[in-house]
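Structure first, then comments.
The values are calculated or read from the model by the stated rules, or taken from the named source; none is laboratory data. Keep in mind that what you see is a predicted model, and the values were worked out from it rather than measured. Note that we place each Cβ from the backbone using ideal geometry, even for glycine, and neighbour counts take in every protein chain shown. For accessibility, only protein heavy atoms count, side chains too; no ligands or nucleic acids. Shrake-Rupley method; radii C 1.70, N 1.55, O 1.52, S 1.80 Å.
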Amino acid sequence: MNEIIKGMSAHRSIRAYQSENVTKEQIQMITNAARWASTSNHVQAYSILSIQSKQTKQTLAELTGGQKWVEECPVFFVLCADYTRQRYASEKHGVSFDVGGAEQLLVAAVDVALVAQNMLLAAESINLGGVMIGGIRNQPKEVSELLGLPDYVFPVMGLAIGAPGQDITQKPRLPEQAVVHEEVYNTSQQELIDTYDAEIEGYYLERTNGNRSSTWTELMAQYTSVRKRAHMDHFLKEKGFLQSEKGENEMNRFTGIGDIYCVGRNYAEHAKELGNDVPKQPLLFTKPRSSLALADGQQLAFPHNKGSIHYEIELVLKIDRDVNQEDKLVDVVSEVALGLDLTLREVQDTLKKKGHPWLRAKGFPNAAVLTPFFAFTGEEACQTIPFQLQKNGELVQEGYTSQMIFSLSALFEEVKREFGLRKGDLLFTGTPKGVGELKQGDHFSLYFNHEEKGSFTVSE
Ligand SMILES: Cc1cc2nc3c(=O)[nH]c(=O)nc-3n(C[C@H](O)[C@H](O)[C@H](O)COP(=O)(O)O)c2cc1C
């Protein structure tokens, strides 16, 4: 066995360290080894943050769930997936930038894993030891804030490194035949795994002087019994990853959506704040289906070059089936959503002056943001339930349907009579006071009865 393979095969994670420092030269050797890892498409979609500050390590130890080796190791690396350089490249060459798919996420995460393994092997080859820390994803948002990670960068794992201060036995691995398959996949592994169970049980008994007795399958069954770190989906979306693509996720979600009816000035206080008269009959307009976007935590882009864009939160009714003239609201609406009716305000003012339709001001892509649908408990029950919009954590709009000029039923009846309503049609029912401007980087959350129903971030 050559020295490299011998070194690799001697690995064990080290979680206790001698007090001596890891030298600058050693750190450089480790980070240099990282840079030579293979990388898909040469993207090198990673960044290494090298941390020696006691204070930062202490905070990171807390954020990783109280792992004391994070605090005690002489040097802690935070290894991040990072597409900021690709973003710069796209800007430099004037092309679009899309890393929102699962593939790009995999590519960057794989890059980080390869880098991490190179680093740990390099450290072990110079008689240091260490352990990778997935706990860095326990509170990724806080880690991001602490380390100033921008969009398109997120922590994948940590790596604690130091001179070993413990001598531990190696953890047995799955038998070779269980993980290495000859030519085709071998589905009959149960016996091998049962044997491995006994081996792992023995390992833990020995390591803990008989205090811990767990088999491998017991641990794995526990590991996969619930979805781990469920917050990661939302966090990754906020960082610009896992974006739903129009025509795919989004349109699947919106498949079956028909016409989108909206009403203006349906709350007296809102009509007043914009200096408009309270209308005598519902002021109806429509939006195209292409303006729909899902508030599922993703980033959304808007045409900021066309003037200010105003947000208006609304309760949105979804029509269950084709409606007959004798149908009442209660017969055909079982689900609602919260929506944001977005308006290019100056464009609308100009259109109004000219007496032109509002489509250009109200129908641009992402001008109708919708949360996922949820159960409608009836018009009366709805009246006392607040719906709210938070911008960057601050409440900016709050309304009750009881404050409407034209009730949900009145709007429903009007649209039914004037245009007819069909399965999948949506009815945006107007916004309470408090409308304001949406700016790049703003984060919006939509609440119904104090429960968050959806959110999105305005892309920069
Ligand atoms: C991506 C990744 C994340 C890990 N996260 C942690 C962690 O948060 N805390 C920890 O003590 N060990 C962590 N480990 C170390 C594993 O527990 C360890 O590698 C595994 O149990 C096998 O033990 P060994 O490395 O000593 O052979 C992590 C390992 C990997 C590869």
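The table below lists the values:
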read-out: Within region 294-311, tally of residues that are within 23 Å of residue 266 (Cα to Cα) and either assigned to a strand (DSSP E or B) or more than 27 Å from the chain's Cα centre (by Cα) (or both); value: 3
read-out: Condition met for residue 232 (at pLDDT below 90, over 29 Å from residue 346 (Cα atoms) and of a type outside the set (D, E, K, R)); value: no
read-out: Filter result for residue 403 (within 23 Å of the chain's Cα centre (by Cα), in contact (Cβ under 8 Å) with a residue 40 or more places away in the chain and open to solvent by 40 Å² or more (accessible area, probe 1.4 Å)); value: no
read-out: Scan of region 1-49 for residues that are within 16 Å of the ligand (Cβ to nearest atom) and buried (at least 18 other Cβ atoms within 10 Å of the Cβ), ordered by number; value: 14, 15, 17, 34, 37, 46, 48
read-out: Yes/no for residue 194 being within 30 Å of residue 25 (Cβ to Cβ), open to solvent by 90 Å² or more (accessible area, probe 1.4 Å) and either of a type outside the set (A, V, I, L, M, F, W, C) or within 12 Å of the ligand (Cβ to nearest atom) (or both); value: no
read-out: Residue satisfying all of: in region 152-171; more than 16 Å from residue 72 (Cα to Cα) and more than 11 Å from the ligand (Cβ to nearest atom); surrounded by the fewest Cβ atoms within 10 Å (Cβ to Cβ) among these; value: 167
read-out: Given (1) away from the ligand (no atom under 16 Å from the Cβ); (2) under 17 Å from the mean Cα position of the chain (by Cα), index of the condition residue 86 fails; value: (2)
read-out: Failed item, numbered, when residue 175 is tested on (1) within 30 Å of residue 22 (Cα to Cα); (2) within 16 Å of the ligand (Cβ to nearest atom); value: (1)
read-out: The listed residue being of a type in the set (D, E, K, R) and touching a Lys or Arg at 6+ places or on another chain (Cβ under 8 Å), out of 335, 326; value: 335
read-out: Sole exception among (1) open to solvent by 10 Å² or more (accessible area, probe 1.4 Å); (2) touching a strand residue (DSSP E or B) at 6+ places or on another chain (Cβ under 7 Å); (3) under 26 Å from residue 445 (Cβ atoms); (4) not aliphatic (A, V, I, L, M) for residue 286, by number; value: (3)
read-out: Breaking point among (1) in contact (Cβ under 8 Å) with a residue 40 or more places away in the chain; (2) at positive phi, for residue 441; value: (1)
read-out: Candidates 367, 381, 375 - the one that is open to solvent by 10 Å² or more (accessible area, probe 1.4 Å) and touching a residue at least 40 places away in the same chain (Cβ under 8 Å); value: 375
read-out: Residue 68 vs. criteria within 16 Å of the ligand (Cβ to nearest atom), among the charged types (D, E, K, R) and at pLDDT 95 or above; value: yes
read-out: Pick from region 95-151, criterion touching a Phe, Trp or Tyr at 6+ places or on another chain (Cβ under 7 Å) and among the charged types (D, E, K, R), ranking: surrounded by the most Cβ atoms within 10 Å (Cβ to Cβ); value: 111
read-out: Per-region count, region 324-344, residues open to solvent by less than 20 Å² (accessible area, probe 1.4 Å) and of a type outside the set (Ser, Thr, Tyr); value: 12
read-out: Evaluation of residue 218 against (1) surrounded by fewer than 15 Cβ atoms within 10 Å (Cβ to Cβ); (2) in contact with a strand residue (DSSP E or B) (Cβ under 7 Å, 6 or more places away or on another chain) (one fails), failing number; value: (2)
read-out: Residue check for residue 184: in contact (Cβ under 8 Å) with a residue 12 or more places away in the chain and assigned to a loop (DSSP other than H, G, I, E, B); value: no
read-out: Region 152-174, residues that are modelled with pLDDT under 95 and touching a Ser or Thr at 6+ places or on another chain (Cβ under 8 Å); value: 152
